[in-house]
Structure formats: C-alpha cells, structure tokens
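The values are calculated or read from the model by the stated rules, or taken from the named source; none is laboratory data. Fair warning: this is a prediction, and the values are worked out from it, not measured in the lab. Backbone-built Cβ (ideal geometry, glycine too); neighbour counts: all protein chains shown.
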Amino acid sequence: MTKILAITNQKGGVGKTTTSINLAASLAAAGRRVLLIDLDPQGNATMGSGVEKSTLTNTVYHTLLGSEKISAVRIIATTGKYDLIPANRDLAGAEIEMVDLNMRETRLKESLKDVQGEYDYILMDCPPALNLLTLNGLCAAHSVIIPMQCEYYALEGLSDLVNTIKKVRSTFNPSLRIEGLLRTMFDPRNILAQQVSDQLQQHFGTKLYQTVIPRNIRLAEAPSFGKPVMYHDKMSKGSLAYQALAKEILEVPA
C-alpha cells in the first residue's frame, strides 16, 4: 500500500526541504519505490535533487492546472535514486489560476491516482505557508510529518499548524493525521533546545520521532552539489540521522 506523506510547517527555515530530499533518498536506498513532489515555487527540492529548474518544460504546475498528467511530468532524480515531480517559479502563479477551477483543493489528489500504485512512499515538500498549494498537499496526504526546530517560536507555530490540520480533516480529508514530529537542526548544548524537546516529548509522546536531526555542515553543503547528503558524505552525522529516520518510519505499519 502506498503511503503519502506531506512534509509541512507553516514556519520557514525549519528543514522541510532538507527532510524531504534526504528522507526520499534514505527510503530509496532501503529498497523502497519513492516519489518526491516539490510543491514549493522556490523549487529547492528540485535543485537539491540535482535538477536544473530553469530548464524544465513540464512541472507540477502543469499537473495542477490539468494540462499534463503527472506521469508526463515525472522525472528521475539520478543523484537520489527516486522519482521527482519538479517545480519552478511557474508554480507561484498556480494559486491565482486555480481559484476558478473545480475541486481546486483536491487536484493533486486526483492526479496522483494515475501513479499511486507504482510507489511505496510519496513525499510532498510543502511551501512554508497555508496556501492552496499546501492545502492540495494536505488533501492528498494520508499523514503529515512536521519538521521543527526546538525553539520558543516553533512551539507557537506548532499550535497553529495542529489547528490547520484539524480544519483540513474536518472539511476535506477525514483520514489525515500527524505521522510524527521531527526535531531538526538540534544542538544538544543549547539549554532552551533541550527544554523545548522535553515539552514536545510530554505533549506528543510517541508522535515525536526518536531520531533527532543535528546541525551538520554536510547537510548544509549537500544541496549545492545537487544531491542528498548520503551521496555527499554517507557517514556524516546528518546522513546517519536521516537513515535512522527512514528506518524508524519503515518500522511503522503502512
């Protein structure tokens, strides 16, 4: 059974794209068939997968507007060994163009039906905002992975995101749930980070992944080479952390 995961947080700079790319690569390296969908007009997941976004003729934009089937947009991210639905700046105009379309919130969900059975995991890198693109991701997803830094403002944003998920569940996607919270850019020397981590453990219990993603220079470097960190420095702390996260996710029944 295919598992569709939206990787999202309304707060920017928390490691959504880093998590999307490296989790996709780690799951693929574990022998799973993986599709990564870039839903962010910045196209960072596309570039981080080794694809030059400026040269693309077909992207997720064309799928959302109905001019191309998702199978026609799909490409192979050779540096990560997973399939990719890319994005570029064209996607920024999609929201305005989708306003008058039928079922605008579920267009991605409908388009995925053509390829869904070909994958074990479909990951979606959502933009850092609650907009129509994120809403399409949440409507298509079975569950949500929430990357977050262990800092005060992250807790404030988390409550807003949880409320958003509840609203989407009540209106569009009754089966949507939180798959897990992922602590990213973690510095164990930071007392506040430890305190916030403890609070997350108390409030979310088993929904908090045991794996913690550390601050790691190799993770920061890898996108500039257009590859996931495990193909940049497989034994780096960042690479090992995402491999551990993939293992933790694979242990959860689909």
Checklist entry - Looking at segment 55-68, is at least one residue under 18 Å from ARG32 (Cα atoms) and buried (at least 23 other Cβ atoms within 10 Å of the Cβ)? => result no
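Picking from ILE96, ILE75, ILE85, ILE4, which residue would you name as being in contact with a His (Cβ under 9 Å, 6 or more places away or on another chain) and of a type outside the set (Gly, Ala, Ser)? Show your work before the answer.
Working: ILE96 fails: in contact with a His (Cβ under 9 Å, 6 or more places away or on another chain); ILE75 fails: in contact with a His (Cβ under 9 Å, 6 or more places away or on another chain); ILE85 fails: in contact with a His (Cβ under 9 Å, 6 or more places away or on another chain).
Within the list ILE96, ILE75, ILE85, ILE4, the selection yields ILE4.
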Item to check | Among (1) more than 25 Å from ALA28 (Cβ to Cβ); (2) buried (at least 20 other Cβ atoms within 10 Å of the Cβ); (3) not acidic (Asp, Glu), the one test that PRO127 misses | outcome: (1)
Item to check | Condition check for SER170: more than 16 Å from the chain's Cα centre (by Cα) and buried (at least 20 other Cβ atoms within 10 Å of the Cβ) | outcome: no
Checklist entry - Which condition breaks for PRO147 when tested against (1) within 20 Å of TYR82 (Cα to Cα); (2) within 16 Å of the chain's Cα centre (by Cα); (3) not aromatic (Phe, Trp, Tyr)? => result (1)
Checklist entry - Which pairs do you get when a residue that is of a type in the set (Asp, Glu), found in segment 196-224, comes within reach of a residue that is surrounded by 15 or more Cβ atoms within 10 Å (Cβ to Cβ) and in a helix (DSSP H, G or I), reach meaning Cβ atoms under 9 angstrom, with the pair 6+ apart or on two chains? => result GLU221/VAL229
Checklist entry - Counting only residues that are farther than 19 Å from LYS166 by Cα and among the small types (Gly, Ala, Ser), how many does segment 111-155 have? => result 2
Item to check | Selected residue (only one of SER224, SER197 is out of contact with any Asp or Glu (no Cβ under 6 Å at 6 or more places or on another chain), outside any loop (DSSP other than H, G, I, E, B) and exposed (fewer than 13 other Cβ atoms within 10 Å of the Cβ)) | outcome: SER224
Item to check | Residue check, ILE75 surrounded by fewer than 18 Cβ atoms within 10 Å (Cβ to Cβ), of a type in the set (Val, Ile, Thr) and over 26 Å from GLU251 (Cβ atoms) | outcome: yes
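Determine whether segment 16-30 contains at least one residue that is charged (D, E, K, R), surrounded by fewer than 24 Cβ atoms within 10 Å (Cβ to Cβ) and within 17 Å of PRO127 (Cβ to Cβ). Lay out the reasoning, then the answer.
Going through segment 16-30, the residues charged (D, E, K, R) turn out to be 16.
Narrowing further to those that are surrounded by fewer than 24 Cβ atoms within 10 Å (Cβ to Cβ): none.
Looking for residues that are charged (D, E, K, R), surrounded by fewer than 24 Cβ atoms within 10 Å (Cβ to Cβ) and within 17 Å of PRO127 (Cβ to Cβ), one finds none in segment 16-30, hence no.
Does THR164 count as surrounded by 15 or more Cβ atoms within 10 Å (Cβ to Cβ), touching a Pro at 6+ places or on another chain (Cβ under 8 Å) and touching a residue at least 40 places away in the same chain (Cβ under 8 Å)?
Working: surrounded by 15 or more Cβ atoms within 10 Å (Cβ to Cβ): yes; touching a Pro at 6+ places or on another chain (Cβ under 8 Å): no; touching a residue at least 40 places away in the same chain (Cβ under 8 Å): yes.
So THR164 does not fit the description; no.
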Checklist outcome for this item: Selection from segment 86-111 of residues touching a residue at least 60 places away in the same chain (Cβ under 8 Å) and under 20 Å from LEU56 (Cα atoms) yields LEU108
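Among ARG89, ARG107, which is the only one that is more than 17 Å from the chain's Cα centre (by Cα) and surrounded by 16 or more Cβ atoms within 10 Å (Cβ to Cβ)? Show your work before the answer.
Values: ARG89 fails: surrounded by 16 or more Cβ atoms within 10 Å (Cβ to Cβ).
Criteria check complete, one pass: ARG107.
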Checklist entry - Looking only at segment 203-220, which residues are over 18 Å from the mean Cα position of the chain (by Cα), in a helix (DSSP H, G or I) and closer than 11 Å to GLY238 by Cα? => result ILE217, ARG218
Checklist entry - Which one is nearest to GLY13 (Cα to Cα), of the residues in segment 172-194 that are part of a helix (DSSP H, G or I) and of a type in the set (A, V, I, L, M, F, W, C)? => result ALA193
Checklist entry - Using beta carbons and a limit of 7 Å, which pairs, at least six apart or on different chains, have the first residue in segment 235-254 and modelled with pLDDT under 95 and the second one surrounded by fewer than 22 Cβ atoms within 10 Å (Cβ to Cβ) and not in a helix (DSSP H, G or I)? => result ALA254/MET1; ALA254/LYS3
